[in-house]
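The values are calculated or read from the model by the stated rules, or taken from the named source; none is laboratory data. Keep in mind that what you see is a predicted model, and the values were worked out from it rather than measured. With ideal geometry, Cβ positions are generated from the backbone for all residues, glycine too; neighbour counts draw on all protein chains shown. These accessible areas exclude ligands, DNA and RNA; they are computed on the full protein's heavy atoms, side chains included. Shrake-Rupley method; radii C 1.70, N 1.55, O 1.52, S 1.80 Å.
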Amino acid sequence: MKLRPLHDRVIIKRLEAETKSAGGIVIPDAAAEKPIKGEVIAVGTGKILDDGKVRPMAVKAGDTVLFGKYSGTEVKVDGEELLVMREEDLVAVIEK
Amino acid sequence: MKLRPLHDRVIIKRLEAETKSAGGIVIPDAAAEKPIKGEVIAVGTGKILDDGKVRPMAVKAGDTVLFGKYSGTEVKVDGEELLVMREEDLVAVIEK
Amino acid sequence: MKLRPLHDRVIIKRLEAETKSAGGIVIPDAAAEKPIKGEVIAVGTGKILDDGKVRPMAVKAGDTVLFGKYSGTEVKVDGEELLVMREEDLVAVIEK
Amino acid sequence: MKLRPLHDRVIIKRLEAETKSAGGIVIPDAAAEKPIKGEVIAVGTGKILDDGKVRPMAVKAGDTVLFGKYSGTEVKVDGEELLVMREEDLVAVIEK
Amino acid sequence: MKLRPLHDRVIIKRLEAETKSAGGIVIPDAAAEKPIKGEVIAVGTGKILDDGKVRPMAVKAGDTVLFGKYSGTEVKVDGEELLVMREEDLVAVIEK
Amino acid sequence: MKLRPLHDRVIIKRLEAETKSAGGIVIPDAAAEKPIKGEVIAVGTGKILDDGKVRPMAVKAGDTVLFGKYSGTEVKVDGEELLVMREEDLVAVIEK
Amino acid sequence: MKLRPLHDRVIIKRLEAETKSAGGIVIPDAAAEKPIKGEVIAVGTGKILDDGKVRPMAVKAGDTVLFGKYSGTEVKVDGEELLVMREEDLVAVIEK
């Protein structure tokens, strides 16, 4: 059983901020604030433009991404908390 | 007697969150919060674009979908509570 | 004497919710809440699109429709309370 | 001396609600509420669309119309109170 | 020294409301309310549309116009109070 | 060292209002209000339209302009306070 | 490990305001206000327009830029605080 995002939506699994990483990304860790780094679990087929064409997605499953603090809708799949948001809400891909 | 949604609207029947599913989707179950998982009962013919073309729907009757917590208008058909919303308000299809 | 709606507007006559219908549509009946089911009395010629073309209406006089709770402007014709709203505010047609 | 509305604007003279008409339009007559039925006095040449074309007006001088309660800007011509609004704010024409 | 409005802007000189005109335009004269009738002093070259074309102005210098009560930015030229606003904020031309 | 505005932005140096000018522009001088007249210091290359074309600027360096009271972002260059705003925020050019 | 901004986003490293620069840019230094000058660290591939074409970026890595005070999302990379924002939020490039 899995989620298939519609159009330009992506499904994200939050990654904990590595607060003491030596060379990694560190997300500010305000109390009660959830991490804004995550792994893309699934992506939609792309945004349908006004003329009917489909704009392909700029991220793919497996990408590590940063997103806005208040972005997305939370759902639980198999006991795991996931986020569904628009590609628009993603700000950057973290390249390894 | 049945409902025919207009344009890009869909009619949804809420599905109870399976709070203890072993391998299924579990929706957070805050007190007084209604489930945000549902079954598509009927779909419109699609959104009419500005140039008159019709954008076909990305979901069909029978699909299990997730949607935003505050999405849709509630109606009762044959004693059953249904939701009418835009396809836009659906975030993902749950594949079996 | 009758009303001719402009562009994509429709004129609606509210239908009382059949609170105890055996197989019919039942609209939630909160105190002081007006029914959101109605009969289409008249329709405009359609929305004029940006390129000058006219998008035909998806409903016609005689249709039974559901609409948003706060939709439309109320007017009285021959002592009868009517609603004028945009086709956009209609969510579904109830088929018999 | 007369007013020439610009683009898609219309000039309206309010008509008193006929509170006891036998077969006529009756507008709800809440205290301190102005009538929302009026006669079209003058119309503009039409809305200029984004591609430069002009969309002709759907009403003409002499038409009796209904409009939104808070629509328009009030002006006085020859001691007579008039309203200037966009055609968009008109909801229906009352046909005789 | 004079003002050249940009694009679709117009420069207006307010005209006092002729409160007791026999056959003229009378603007409501609420205390502390400035007149909403004015003379066009200068006009821009027209709005630049999205495709680069210029939409010519519908008013010209010398026209007497009505405008929205809160429209425009006030400036003083040679001790005279003027208003700069968009053509969009003008509602009608008063023809003589 | 100088500023190059992006797209349709302009850099403005405020000019003091000449409160007692005999024949010049006088800007209302409310206490604590900054002048809304300025000199254009630099302009961008123009707004990039949706189809990729560039709309050239309607003002150039050296122009004296009027702008909205709350327009722009303040920056200091070489101890001098400047404003960066969109051409859209300019209302008129003062011709000499 | 580095960040790849999506679409028209840029990654910025704030530069401290040089409060006493002889010939440099000085940013107002209100208490508790962060500098609004920064260095571009990475840029996206450009905004995808409605017709699918890509609008190239007007800034490149290495550029020194000014941006709006409240622009962007803060992230930490290798212990360094960075900002991710849209090119739209940049107001000017500081040329050396």
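Quick rundown of the values:
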| quantity | calculated |
| --- | --- |
| Complete set of residues in the stretch E:1-23 that are within 11 Å of chain F (Cβ to nearest Cβ) and modelled with pLDDT under 85 | E:MET1, E:LYS2 |
| Flag for B:ALA61 being among the small types (Gly, Ala, Ser) and at pLDDT below 80 | no |
| Selection from the stretch D:39-71 of residues that are open to solvent by less than 40 Å² (accessible area, probe 1.4 Å) and among the hydroxyl-bearing types (Ser, Thr, Tyr) | D:THR64, D:SER71 |
| Search result, residues across the stretch C:44-72 that are away from chain D (no Cβ under 14 Å), outside any loop (DSSP other than H, G, I, E, B) and out of contact with any Asp or Glu (no Cβ under 6 Å at 6 or more places or on another chain) | C:VAL65, C:LEU66 |
| Search result, residues across the stretch B:80-90 that are within 9 Å of chain C (Cβ to nearest Cβ) and open to solvent by less than 60 Å² (accessible area, probe 1.4 Å) | B:VAL84, B:MET85 |
| Residue in the stretch B:39-50 that is at pLDDT 90 or above, of a type in the set (A, V, I, L, M) and over 10 Å from the mean Cα position of the chain (by Cα) present | no |
| Index of the failed condition, A:VAL75 passing every other in (1) more than 8 Å from every other protein chain (Cβ to nearest Cβ); (2) open to solvent by less than 10 Å² (accessible area, probe 1.4 Å); (3) touching a residue at least 40 places away in the same chain (Cβ under 8 Å); (4) not acidic (Asp, Glu) | (1) |
| Qualifying residue in the stretch B:75-83 (condition: under 22 Å from A:ARG86 (Cα atoms), modelled with pLDDT of 80 or more and in contact with a strand residue (DSSP E or B) (Cβ under 6 Å, 6 or more places away or on another chain)) | no |
